[in-house]
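Heads up: the structure comes next, in structure tokens.
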Amino acid sequence: MARLTGTRPARRWGCAAAFLLLLLTVQAAQKADLSGEATAATINHSLTLLQRLQELLHNSNSSDSVLRVRTAASDEAKVFHTHQLLLSLQSEVFESLLRNQSVLTLHEQPETAALFEKFIRYLYCGGVSILLHQAIPMHQLASKYRVWGLQRGVTEYMKSHLASESSQGHVVGWYHYAVRIGDAALQESCLQFLAWNLSAVLSSAEWGSVSVELLLLLLERSDLVLHSELELYTAVEGWLGRRQPEPAVAERVLRAIRYPMIPPSQLFRLQAQSAVLARHHGAVQDLLFQAFQFHAASPLHFAKYFDVNCSMFLPRNYLAPSWGSQWVINNPARDDRSTSFQTQLGPSSHDAGKRVTWNALFSPRWLPVSLRPVYSDTVPGAVQPARIEDGRPRLVVTPAMSSPDFAGVSFQKTVLVGVRQQGRVLVKHAYSFHQSSDEAPDFLAHADLQKRASEYLIDNSLHLHIIVKPVYHSLIKVKK
């Protein structure tokens with residue numbers, strides 16, 4: 001990575017050591033115990049020190065080491081006059097390389113070479129500003145030279161800017177990069193964002209850059225947020241048309257579509273008009289036939305012969321009106337609110353005309369039993385006061401009716417919380433209910449709805465989307 005092209009200057013430690021001494025002196029002054037003085041004050045010249053360090057970076061006369069950054073695309077090298085002590089303090093790689101030489105030739109890719117000046121400035125000043133497209137090359141530099149603080153900082157920047165708007169998109173690229181470097185946390189953050197905002201991704205330029213592995217991972221998930229399964233099929237058809245993968249890959253992708261979640265009229269149209277489906281019809285013929293059977297028979301009768309407790313018959317988080325409802329709560333910290341909405345009983349066409357009415361109750365300051373007012377033992381009749389800040393938001397979703405049609409059906413509920421980032425409303429939080437529960441126990445547990453600038457609020461309103469997913473269960477097994 002580096003080679004010796006010069007000798008160590010005689011006074012290599014002079015200026016750098018002096019600045020290190022100044023840094024230690026300032027830190028010692030800041031920690032001095034002046035608590036006994038009535039007029040105690042802290043004298044802080046750290047900003048001046050940072051300014052001096054920046055000047056030191058640009059003062060080539062006092063440098064004791066030289067970095068020559070080259071790329072394969074250019075014969076010219078970028079030259080940086082640096083100070084060994086400051087580089088060694090930040091990077092164990094530089095500490096090792098500069099131990100026996102003072103001039104290094106570093107070979108970088110064009111993307112990382114373009115950011116090398118910013119990278120060196122961080123080593124001197126401890127701060128750097130980057131843009132979305134600079135995140136990966138800056139992370140590569142930090143990893144290569146083992147500048148762990150910068151590496152962690154760039155990773156956190158990527159996690160917090162998944163929703164930022166860019167012309168070509170960036171989350172898919174960040175996901176693929178996270179896979180290459182083995183960063184499981186960043187990988188999961190990207191995957192979760194893509195799943196919860198899939199409709200936005202399907203209509204963006206980055207959809208075409210999705211790898212086969214990423215596509216298959218997404219298609220396996222039941223927490224995908226999109227308008228309908230037909231929307232997903234249409235996007236997958238476009239992806240297959242552009243990428244032209246091997247037939248075996250195309251068939252795996254097509255078999256991951258949940259055809260029973262598509263109404264029969266749309267399935268007939270796909271069979272008649274989809275060139276991709278016609279090309280691979282033999283690979284999915286059994287799934288299409290099963291989907292038509294699912295819609296033709298009653299769910300109870302179908303469940304006698306087929307296992308409906310599998311992903312093929314489990315709805316995803318569909319945003320269509322028949323699966324749930326939006327709910328915008330103005331001033332959510334003020335008082336309790338309620339609303340009602342209807343959903344389709346089940347995805348089968350046999351249940352298409354049946355509706356379930358739901359009641360939703362939102363409370364901004366619900367108190368758990370352990371925090372509710374109780375009578376005091378010390379003062380008879382006194383009640384322990386409960387503080388408003390002890391309460392937490394609560395959302396309860398219950399059916400407003402019961403029916404024999406509910407036999408063999410359970411309801412999974414999901415609440416999406418929309419946030420505005422970079423001018424776009426996206427899903428950043430999703431809460432799922434246990435099948436036997438009417439509420440999510442951790443709903444907005446860490447939200448501060450009292451603050452107008454809360455990340456959970458849009459124009460002082462809480463934007464929710466409640467989704468109800470009917471799940472059929474096999475009741476009777478018939479031997480074939």
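The table for this structure:
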{"read-out": "Kirkwood hydrodynamic radius of the range 185-296, Cα pairs, Å", "value": "14.6 Å"}
{"read-out": "Spacing of the two label points (7 Å from each Cα toward its C-beta) at A77 and H446, in nm", "value": "4.7 nm"}
{"read-out": "Per-selection metrics, the range 111-189 (Cα): Rg and Dmax in Å", "value": "12.0, 33"}
{"read-out": "Mean accessible surface per residue for the range 49-161, computed with a 1.4 Å probe while every protein chain stays in place, in Å²", "value": "47 Å²"}
{"read-out": "Distance (nanometres) between label positions extended 7 Å along Cα→Cβ at N460 and N359", "value": "3.0 nm"}
{"read-out": "Protein accessible area in the range 286-373, 1.4 Å probe - carbon and sulfur %", "value": "53 percent"}
{"read-out": "Nearest-10 value in Å² for the accessible area of W174, using the 1.4 Å probe", "value": "10 Å²"}
{"read-out": "Descending semi-axes in whole angstrom, ellipsoid equivalent of the range 49-161, from the Cα gyration tensor", "value": "22, 17, 13"}
{"read-out": "Rounded percent of accessible protein surface that carbon and sulfur make up, the range 186-277, 1.4 Å probe", "value": "53 percent"}
{"read-out": "Cβ-derived FRET efficiency at R0 30 Å, H227 paired with Y157, nearest 0.05", "value": "0.45"}
{"read-out": "Label zone at A248, where the point sits 7 Å out along the Cα-to-Cβ direction: the range 209-227 residues whose backbone N lies under 16 Å", "value": "212-213"}
{"read-out": "Length added when fully stretched, E55-T234, from 0.36 nm per residue minus Cα-Cα", "value": "58.7 nm"}
{"read-out": "Accessible surface, per residue, of the range 185-296 when the full set of protein chains is kept, probe 1.4 Å, Å²", "value": "42 Å²"}
{"read-out": "The range 403-438 and the range 302-320: distance between their alpha carbon centers, rounded to Å", "value": "17 Å"}
{"read-out": "Cα gyration tensor, the range 244-284 - rounded (a/c under 1.5), prolate or oblate", "value": "oblate"}
{"read-out": "Gain in span if fully extended, H45 to V284, counting 0.36 nm per residue against the direct Cα distance", "value": "79.0 nm"}
{"read-out": "Eligible aspartates and glutamates near K451 by straight Cα distance, threshold 18 Å, same-chain separation 8 or greater", "value": "D335, D336, E389, D390, D459"}
{"read-out": "Built amide H within the under 5 Å cut-off of A320, gap 5+", "value": "none"}
{"read-out": "Projected label distance in nm at N309 and L131, using a 7 Å step from Cα toward the beta-carbon", "value": "5.4 nm"}
{"read-out": "Apportionment of accessible area to carbon and sulfur, the range 49-161, percent (1.4 Å)", "value": "46 percent"}
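The values are calculated or read from the model by the stated rules, or taken from the named source; none is laboratory data. Everything numeric in this text was worked out from a predicted model, so none of it was measured. Quick reminder, even Gly has a Cβ in these numbers, built from the backbone with ideal geometry, and neighbours come from all protein chains shown. Remember, those area values only see protein heavy atoms, side chains included, never the ligands or the DNA or RNA. Shrake-Rupley method; radii C 1.70, N 1.55, O 1.52, S 1.80 Å.
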